[in-house]
Amino acid sequence: MTETKILQQLERRLKTTLRFRHGQVLGSMCSEPDPLALRVIRRTWDLNAGDPGLSPALAELEREAVSWMGAFWKWPQAVGRMVGGGTEANILALWSARETRLSPKRTRVLASVSRHFSVDKAVRLLGLELLPVALDADGRLDPDKLEAAIDDRTLAIVASAGSTSLGLVDDLGALGRIAKRHGVYFHVDASFGGFVLPFLEEAGFDCPVFGLDLEGVSSVCLDPHKMGRGPIPSGCILWKDSRYPDAVSTEVGYLSGGLTRLTTLTGTRPGASVAAVWAVLNKLGRSGYVALVKEAMTLTLWLAEKLVNIEGIRLVRPPELNVLGFYHERISADALNSRLRQRGWALSLWPGFLRIVVMPHVRRDHLRRFLKCLEDEIQRG
Ligand code: 0PR
């Protein structure tokens, strides 16, 4: 086929794809990357971050990007890597916990019932066991119940900083103290909230306790491809000290850079993604992310108010981050979701409620159109 024909076919076949820029994707935790990412990708699309000897400069960009993200999480000296996303980071965190455990008896991972499913994947892959812990009255991992479940078989605790369902942040301070008291590994899954929490206070909103500097916290993951405006995929894991990444590293002698220490699960890694994240971090900087978070949170609170003014609509919980769960008192979430989907809206369906994530691509005029549509559907009964 000629290139022209291939491109024409591609365009035709992708026509039905819901693109972020069209304004009807309201349930995704990914977003449109900053346009600078694309410009950087064009220049770096042939780089393999898994072969650092070929481009020591790229390895340095990665270290700088990791250190920026460490600084956002109050620990610029963090040892970390850019990875494919939250799933790879969660697997790496638990793998490093397993490799550094004090006794092979420690096989249990404690995580809340609202953990992301990638934690389950990690536990299965690593031959560990998962012990789900109930939520407290506010929908967060209950520290008392968690502590009661710890024994000499406990390997690690995983908490959420921005849960997938409702964007809730577990009590990282209390959980860290418990982890320290019992000498267990503590991983914070900030896949979603990692690029929100560090900027909330400056944006003028209440901010829960967070940070890799908190006592007891061993690692954190955060995804530039969610709220960081990075390309898809781009993720990051940060460890408090090198003991953990060292335990999961492999030394390879035959690569072009001589003896190389590799820490990620994947071998070949998109260098373009690393360079693009470095570029976007430098472009936005702290103030850019503060502005982004301020806009997303302002819009979330505006939407929350509009939603509760619609007859029969209730919020599952007041929003903590830019994630909103809502339901209708009489129409099932399932039915409402399929009707909205027929009208082109892509929300996320959870047991008993619908979720909207107010990502950077979501604008007020999109939400106005959505609210009008939702009201129409409710009036039809
Ligand atoms: N941890 C949390 C708290 C998450 O929300 C997610 C992803 C992960 C880990 C895993 O991250 P990766 O997908 O980067 O490996 N949450 C999104 C979700 O499950 C993933 C996603 C994003 C799915 C965008 C679809 C989509 O359109 O909703």
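The values are calculated or read from the model by the stated rules, or taken from the named source; none is laboratory data. On a predicted model such as this, the values are computed, not experimentally measured, just so you know. Here the Cβ positions follow ideal geometry from the backbone for every residue, glycine too, while neighbour counts run over all protein chains shown.
Values as computed for the structure displayed
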item: G352 being surrounded by fewer than 13 Cβ atoms within 10 Å (Cβ to Cβ), modelled with pLDDT under 95 and not charged (D, E, K, R); result: no
item: Residues being near the ligand (Cβ under 9 Å from one of its atoms) and in contact with a Ser or Thr (Cβ under 8 Å, 6 or more places away or on another chain) - total across the range 154-164; result: 4
item: Which listed residue is over 30 Å from W45 (Cα atoms), surrounded by fewer than 16 Cβ atoms within 10 Å (Cβ to Cβ) and in contact with a helix residue (DSSP H, G or I) (Cβ under 8 Å, 6 or more places away or on another chain), from E311, E305, E329, E377; result: E311
item: Of all residues making up the range 103-129, the number that are in contact with an Asp or Glu (Cβ under 8 Å, 6 or more places away or on another chain), over 18 Å from G162 (Cβ atoms) and within 15 Å of the ligand (Cβ to nearest atom); result: 2
item: Complete set of residues in the range 323-362 that are of a type in the set (K, R) and under 19 Å from the mean Cα position of the chain (by Cα); result: R355
item: All positions within the range 1-43 that are among the acidic types (D, E) and in a loop (DSSP other than H, G, I, E, B); result: E32, D34
item: The listed residue being assigned by TED's automatic domain parsing to the domain that holds I91 and out of contact with any strand residue (DSSP E or B) (no Cβ under 9 Å at 6 or more places or on another chain), out of V252, V248; result: V248
item: Residues being crowded, with 21+ Cβ neighbours inside 10 Å and either more than 16 Å from the ligand (Cβ to nearest atom) or outside the structural domain of V217 (by TED's automatic domain parsing) (or both) - total across the range 62-78; result: 7
item: Residue tally, condition of a type outside the set (G, A, S) and touching a His at 6+ places or on another chain (Cβ under 9 Å), over the range 193-235; result: 6
item: Given (1) part of a loop (DSSP other than H, G, I, E, B); (2) within 16 Å of the ligand (Cβ to nearest atom), number of the condition D46 does not satisfy; result: (2)
item: Test: residue in the range 216-238 that is without any contact (Cβ under 8 Å) to a residue 40 or more places away in the chain, assigned by TED's automatic domain parsing to the domain that holds I150, closer than 26 Å to L102 by Cα and within 16 Å of the ligand (Cβ to nearest atom); result: no
item: In the range 231-290, the residues that are among the polar types (S, T, N, Q), in a helix (DSSP H, G or I) and farther than 21 Å from C30 by Cβ; result: N282, S287
item: Given (1) loosely packed, with under 14 Cβ neighbours inside 10 Å; (2) modelled with pLDDT of 95 or more; (3) among the aliphatic types (A, V, I, L, M), index of the condition A279 fails; result: (1)
item: Candidate set: the range 17-43, residues that are within 13 Å of the ligand (Cβ to nearest atom) and without any contact (Cβ under 8 Å) to a residue 40 or more places away in the chain; chosen: the one surrounded by the most Cβ atoms within 10 Å (Cβ to Cβ); result: R19
item: So E320, is it free of Cβ contacts under 8 Å to residues at least 60 places away in the same chain and not β-branched (V, I, T); result: no
item: Any chance S96 is surrounded by 21 or more Cβ atoms within 10 Å (Cβ to Cβ), at pLDDT 95 or above, assigned by TED's automatic domain parsing to the domain that holds A190 and within 18 Å of Y244 (Cβ to Cβ); result: yes
item: Evaluation of G85 against (1) within 16 Å of the ligand (Cβ to nearest atom); (2) surrounded by fewer than 20 Cβ atoms within 10 Å (Cβ to Cβ); (3) among the small types (G, A, S) (one fails), failing number; result: (2)
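Each row is one residue, and each column tells you yes or no for (1) outside the structural domain of P52 (by TED's automatic domain parsing); (2) β-branched (V, I, T).
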{"residue": "A275", "(1), (2)": "no, no"}
{"residue": "T298", "(1), (2)": "yes, yes"}
{"residue": "N309", "(1), (2)": "yes, no"}
{"residue": "N337", "(1), (2)": "yes, no"}
